[in-house]
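In what follows, a single structure is set out as structure tokens and then discussed.
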Amino acid sequence: MAEPVDARNDAGVLTLPNLLSFARLAGVPLFLWLVLGPRADGWAIIVLAVSGFTDWLDGQLARRLHQTSTLGKLLDPFADRLYILAVLLGLAVREVIPVWLAVALPLRDVLLVGLLGYLRLRGFGPLPVHFLGKAATFCLLYAFPLLFLGEGSSTFASVAEVVGWAFVVWGTGLYWWAGVLYAYQAYQLLRSAAPATPAREEGRLHT
């Protein structure tokens, strides 16, 4: 069973790191509007950059101010996933990336949501964020702005497109690799919670 959350170590809801996470979430619809409405890619990239900075900042503040909370641990990866989904949707609608890529990344999250739901039914809390997952998100959030910049016809745009696709390949591979590691962690948790073999059953093996 997962250990219960110690209320004394939970900073609550209205903390500075959590407010930054809420602000990041508010930027998701703004980003989509900029990409699909006026197609203001420059401003959309700025929104992504601000999101990336606040992602780093809220983690630093949570540790330095001792404002770590259960909500914050959920908001941070949730905001990352929403930004990835929003960027994939924008790039797919504008035909910058193929449809299969726009499906492959969210598919991993759908599978993990089902896995986490099963873990919750068994009494476990959310799995800890793995460094590999953060590295994958880092690659993808750098890749997508570069793909937007690669839409032009200049030499800079061509370089941005090549570098962007390199980040996409690495990010997608790491993203799925992190998903496999999360699944293995879940397997280990479920295995450790499996009931031990009764002594009488063990005795039969020796008779």
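Before moving on, here are some points about what is shown:
- The portion of the accessible surface of the chain made up by carbon and sulfur, rounded to a whole percent, is 69 (1.4 Å probe; DNA, RNA and ligands excluded).
- For the stretch 56-180, the Stokes-Einstein estimate of translational diffusion at 20 °C and a viscosity of 1.002 mPa s comes to 135 µm²/s, using the Kirkwood hydrodynamic radius over alpha-carbon pairs.
- For the chain, built as a Gaussian network whose Cα springs stay under 10 Å, the top-fluctuating residue of 113, 28, 87: 113
- In loop segments of the stretch 11-44 as defined by DSSP, there are no chymotrypsin sites (Phe, Trp or Tyr not before Pro) with at most 13 further C-beta atoms inside 10 Å of their C-beta.
- Debye, to nearest 20: dipole size of the chain, +1 on Lys, Arg Cβ, -1 on Asp, Glu Cβ: 440
- Probing with 1.4 Å while keeping every protein chain in the model, the per residue accessible area of the chain equals 60 Å².
- Each Lys and Arg Cβ is given +1 and each Asp and Glu Cβ -1; about its Cα centre, the stretch 69-151 then shows a dipole of about 360 debye.
- Each residue, residue 30 and residue 101, gets one label point 7 Å from its Cα in the Cβ direction; the gap between the two is 2.6 nm.
- Between the listed residues 136, 111, 70, the Cα displaced farthest toward the positive end of the dipole of the stretch 61-207, a dipole computed from Cβ unit charges relative to the Cα centre, is found at 70.
- Ranking 174, 148, 185 by how far each Cα lies toward the positive end of the dipole of the chain (charges on Cβ) leaves 185 at the top.
- Helix runs (DSSP H) in the chain reaching 27 Å along axis by Cα, Kyte-Doolittle at least 0.5: 16-36, 70-93, 99-121, 131-149, 155-192
- Most to least packed among 74-84, 164-174, 125-135 [average Cβ atoms within 10 Å]: 74-84, 164-174, 125-135
The values are calculated or read from the model by the stated rules, or taken from the named source; none is laboratory data. Just so we're clear, the structure is a prediction, and the values are computed from it rather than from any experiment. Backbone-built Cβ (ideal geometry, glycine too); neighbour counts: all protein chains shown. For the accessible areas, the whole protein counts, side chains as well, though only heavy atoms, and no ligand, DNA or RNA atoms are used. Shrake-Rupley method; radii C 1.70, N 1.55, O 1.52, S 1.80 Å.
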